[in-house]
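S.K.: Handing you this structure, nothing more for now.
Laboratory data are not the source of any read-out in this text; all were calculated from the coordinates shown. Quick caveat: nothing in here was measured; it's all calculated off a predicted structure. Virtual Cβ from ideal backbone geometry, glycine too; neighbours counted across all protein chains shown.
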């Protein structure tokens with residue numbers, strides 16, 4: 001396993017100083033043009049060379065008739081041309097000295113024998129010239145830290161810590177907006193398409209070394225290079241967590257995968273076993289894939305599986321407790337010391353069993369600093385799960401009735417919610433124990449947004465939070481096992 | 001089981017012509033004042049009488065010193081007073097002729113023996129005067145169709161078709177905003193609190209007859225009056241679906257429920273058996289509870305469990321197919337007739353196996369009318385699940401490049417997305433087969449919003465859609481079983 005990302009062949013592909021683009025034109029509806037727009041929209045700062053047989057300029061940029069005409073050998077070629085001319089273009093790129101390529105064009109192995117022959121030709125050319133390429137039949141790559149986006153969808157999110165390698169392009173592009181809702185973003189993301197030259201294993205190796213990547217997400221329709229995957233993953237997970245969504249395990253999933261990327265999927269249980277052995281956390285669905293990444297990329301190492309649940313409402317507390325039990329997390333009674341410290345802060349209607357349900361807070365401020373502080377100080381508590389209800393509209397309504405204007409009230413209410421969130425985040429940070437929130441309201445509310453920005457994940461509903469906490473514990477359990485087996 | 005909702009004692013509680021409010025004041029921070037604000041905020045059109053010992057007016061309304069002073073016997077009393085004066089207030093209400101009450105105040109059975117005695121006293125008074133009351137220790141009731149909201153949180157959503165009865169107030173108030181995201185809302189919702197007089201069974205009976213309620217959601221920490229629940233539910237589900245979230249089945253859930261509402265929960269498997277026998281669909285979590293309601297309240301009766309999956313992207317299609325297989329739904333090959341009809345509409349890279357993955361649409365319009373029309377016409381297809389990707393920003397970007405201003409482009413793109421959504425909705429409606437969408441993007445996008453407004457649920461992710469489709473099939477299977485056992 002390499003230690004320095006810059007030594008990996010994929011480094012240049014997602015950190016190019018210049019890009020040649022084949023397929024962009026002045027026809028706004030073409031895929032190549034969309035990719036050019038995505039690149040420019042993101043503010044890519046390198047040099048961009050559209051290559052076009054007839055146009056002098058493409059979308060306002062100087063265009064070049066042939067790759068030979070380019071003033072330099074760019075770091076990356078992005079190819080979105082008709083299938084029949086892809087091989088000759090790749091060869092021209094190789095001759096020019098281009099060493100990385102993204103082949104978006106489809107019509108290769110996934111369409112049958114003839115396509116497979118065309119794909120073998122690409123591999124032969126790449127080997128001849130020492131070109132590393134991703135695809136064909138892929139959607140591109142993105143590295144928001146380098147303002148690079150070679151997909152046809154604009155990247156509207158922020159740079160983040162999730163490194164992604166996917167056998168489906170949609171699990172790259174469709175996640176721009178999805179991750180943004182949770183304050184997450186990609187560090188780098190790869191759509192591997194048919195994996196003719198670069199596959200999930202290559203991406204895993206690169207992302208393991210890549211500095212912005214705190215957690216790696218894989219979308220898989222099969223496990224490529226089984227032995228290599230297993231031994232590499234066992235090394236990677238010692239350093240950073242890997243979460244995988246594998247959809248080929250069921251009958252219909254297997255059939256769909258086969259016609260999608262020509263991947264032969266393996267039986268579900270066998271694959272679950274491989275993932276476990278590799279220390280890779282298997283997500284049951286897309287939601288879990290990124291929920292797990294959120295927790296694993298944000299939270300400190302839990303010392304165990306004992307959860308304190310803090311709430312001011314019984315139902316959400318009970319639902320959280322139930323979810324913990326169903327996922328192998330303990331919800332133990334608090335220590336006598338903690339109970340003693342809690343007593344003066346909670347009203348007589350409160351229940352200080354775990355869940356700690358304060359019902360109505362005597363002083364709302366306590367709920368956000370003293371209470372979490374007491375819970376996280378308890379040596380019998382490894383993690384805290386807190387019900388988050390600080391509705392913008394209600395606080396504003398209260399404040400408005402003090403005689404403030406709607407604008408002033410809204411502003412004050414935002415300030416107040418942000419201060420509460422800071423109190424929680426400060427308390428959580430101090431203890432170095434995992435702290436998660438959950439809410440049924442929109443995450444766009446100030447309190448949740450601020451908590452999320454401060455690195456405290458707030459999940460929509462208790463069950464998603466608890467599943468993510470399970471993943472966090474499971475990762476560290478598997479990691480410990482792998483570490484101790486190597487000692 | 002009653003047939004006419006107006007004959008049920010709960011009818012007047014959620015359709016009052018006048019309300020007496022005990023506990024509202026000029027202190028904006030009190031719970032009673034919040035409730036008054038909620039009531040006024042929603043535009044309640046009946047008469048509102050704040051009762052307050054000392055104030056002449058409360059939040060701008062004429063206040064009355066004692067219930068005896070009220071100019072009429074209001075249809076409903078809402079009581080948010082200190083625990084010790086609740087009984088005398090209820091008695092005064094009874095004497096005045098008030099016949100419905102919501103008792104929000106806590107400090108009864110849930111706090112132990114003394115509280116239980118206080119609660120028994122309330123029941124005695126209610127019986128003496130023929131008062132029906134909900135609570136104590138509840139959060140109130142809401143009937144958005146009558147602009148009634150007696151909870152402390154403002155109702156920001158729309159009237160809808162979900163009838164809710166909950167042992168947790170939060171699963172009423174916190175769902176206002178939650179349901180709104182999915183274009184749903186409550187028909188009526190009841191927080192039963194300690195269920196001293198009105199329990200889930202009473203609410204179930206009322207909601208079964210209530211005309212706006214298409215589907216009933218229950219949040220339960222135990223099953224009250226087991227035999228009556230079972231026999232009533234078996235009648236109700238013949239008429240409309242019932243979905244239940246039961247959280248008392250696990251060890252921590254059981255303990256939390258006990259300290260929350262004093263409910264003794266039963267073992268999980270036994271309860272699952274009771275629900276099945278009752279024809280009630282059990283949801284695994286809050287998300288499922290309302291996802292199931294969405295599907296059950298929107299979709300026509302499926303003739304079977306065979307799903308056609310329509311996508312233009314392989315990964316989401318494979319994930320959807322995998323989810324179907326895991327939930328007992330079939331994803332069968334299409335009929336030769338359907339394949340023949342599809343052939344001219346899809347590009348050579350398409351896969352017309354089920355999932356039908358068109359990859360890139362030849363003509364986007366086809367994707368939204370001709371394709372669903374072909375799939376839904378297939379006699380081997382009972383339901384359709386469609387990947388929804390019509391991003392506002394991308395369409396606008398394309399249109400902008402035609403030379404339109406950003407505002408014009410945004411407007412055109414909205415019109416276009418709405419027209420596409422209408423095409424899908426029209427096609428789906430014509431066939432009277434369940435049709436569902438899924439997306440990874442925000443539901444706030446025009447295309448999704450329009451589909452949702454047209455009654456086509458669009459779920460965040462394929463797995464949630466598939467679970468809801470499972471619930472739809474399961475309900476009709478159980479209903480058929482109950483119907484045939486009664487024949």
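S.K.: Helix A:113-129 against the longest principal axis of chain A: what's the angle in degrees, Cα atoms only, rounded to the nearest 10?
M.R.: Result, in degrees: 90.
S.K.: How many percent of all Cα-Cα pairs in segment A:237-327 sit more than 15 Å apart?
M.R.: On the way: 2952 of 4095 pairs.
I get 72 percent for the Cα pairs in segment A:237-327 exceeding 15 Å.
S.K.: In segment A:408-455, how does Rg compare with the Kirkwood Rh, expressed as the Rg/Rh ratio over alpha carbon atoms? Don't jump to the answer; show the numbers that get you there.
M.R.: Working: Rg = 11.3 Å, Rh = 11.3 Å.
Result: Rg/Rh = 1.00.
S.K.: With all distinct Cα pairs included, what does the Kirkwood hydrodynamic radius of segment A:65-218 come out to in Å, to one decimal, could you say?
M.R.: On the way: mean 1/r = 0.0633 Å⁻¹.
About 15.8 Å, per the Kirkwood formula over Cα pairs.
S.K.: Tell me, Kirkwood radius of segment B:1-101 from alpha-carbon pair distances, in Å?
M.R.: 14.0
S.K.: Then there is this: Sort chain B into rounded, prolate or oblate with this rule: let a ≥ b ≥ c be the square roots of the eigenvalues of the Cα gyration tensor; rounded if a/c is under 1.5, and if a/c is not under 1.5, prolate when a/b is larger than b/c, oblate otherwise. Kindly include the intermediate steps, with their values, before the conclusion.
M.R.: Working: a/c = 2.75, a/b = 1.76, b/c = 1.56.
The shape class here is prolate.
S.K.: Using Cα pairs closer than 8 Å and at least 6 residues apart in sequence, work out the relative contact order for segment B:395-471, in percent. Before the final figure, lay out each step's value.
M.R.: Numbers: 71 pairs, mean separation 20.1, N = 77.
Relative contact order comes out at 26 percent.
S.K.: Once both labels are modelled 7 Å past Cα along the beta-carbon direction, what's the residue A:453-residue A:128 spacing in nm?
M.R.: Distance between label points: 5.5 nm.
S.K.: Next up: Taking the Cα atoms only, what angle lies between the long axis of helix B:286-298 and the longest principal axis of chain B, rounded to 10 degrees?
M.R.: Result, in degrees: 70.
S.K.: Please state the relative contact order of chain B as a whole percent: Cα pairs under 8 Å, 6+ residues apart? Numbers along the way, then the final one.
M.R.: Details: 1038 pairs, mean separation 52.5, N = 487.
After rounding, I find 11 percent.
S.K.: Please state the Cα pair-distance histogram of segment B:5-296 with 10 angstrom bins from zero: what percent is in each bin?
M.R.: Histogram of Cα-Cα distances, whole percents per bin: 7, 30, 36, 21, 6, 0.
S.K.: Compute the angle between helix A:86-96 and the longest alpha-carbon principal axis of chain A, please, reported from 0 to 90 degrees and rounded to the nearest 10.
M.R.: Result, in degrees: 80.
S.K.: Also, I was wondering about something else. In whole Å, what are the extents of segment B:301-475 along the principal axes defined by its C-alpha atoms, from largest to smallest?
M.R.: 49, 34, 29
S.K.: As a footprinting exposure proxy, order A:400, B:17 by other Cβ within 10 Å, with the fewest listed first. Each step should come with its number before you reach the end.
M.R.: Numbers: A:400 19, B:17 13.
Going from sparsest to densest Cβ surroundings: B:17, A:400.
S.K.: Can you give me the orientation-averaged projected area of the convex hull built on the Cα atoms of the protein assembly as shown, in nm²? Display every interim value, and only then the final one.
M.R.: Values: hull surface 160.4 nm².
Mean projected area for the protein assembly as shown: 40.1 nm², to one decimal.
S.K.: Taking 60 Å as R0, compute the FRET efficiency from the Cβ-Cβ separation of residue A:180 and residue B:335 and round it to 0.05.
M.R.: Working: r = 41 Å, r/R0 = 0.69.
It comes to 0.90.
S.K.: Under a crude label model (7 Å from the Cα following the beta-carbon direction), how far is residue A:426 from residue A:238 in nanometres?
M.R.: Spacing of the two 7 Å Cα→Cβ label points: 4.0 nm.
S.K.: When only Cα pairs under 8 Å and 6 or more residues apart are kept, what is the percent relative contact order across segment B:301-475? Display every interim value, and only then the final one.
M.R.: Numbers: 298 pairs, mean separation 45.5, N = 175.
With pairs under 8 Å counted, the relative contact order is 26 percent.
S.K.: Then there's this: Compute the semi-axes of the equivalent ellipsoid of segment A:67-143, taking the square root of 5 times each eigenvalue of the Cα gyration tensor, and list them largest first in whole Å. Write down the numbers at each step before the final one.
M.R.: On the way: eigenvalues 82, 36, 22 Å².
Over the Cα atoms of segment A:67-143, the ellipsoid semi-axes are 20, 13, 11 Å.
S.K.: Nm distances between the label at residue A:332 and the same-position labels in the remaining copies, 7 Å along Cα→Cβ, shortest first?
M.R.: 5.5
S.K.: Given the DSSP H assignment, sum -39500 (n - 2.57) over each helix run of at least 4 residues in chain B and divide by its residue total; what's the result at 222 nm in deg cm²/dmol, nearest 500?
M.R.: Working: 18 runs with 213 residues, N = 487.
Calculated mean residue ellipticity at 222 nm is -13500 deg cm²/dmol.
S.K.: Ok, one more. Quick one: if the Förster radius is 25 Å, what FRET efficiency do residue A:45 and residue A:211 give, using the C-beta to C-beta distance and rounding to 0.05? It would help to have the intermediate numbers written out before the result.
M.R.: Working: r = 19 Å, r/R0 = 0.76.
The calculated FRET efficiency here is 0.85.
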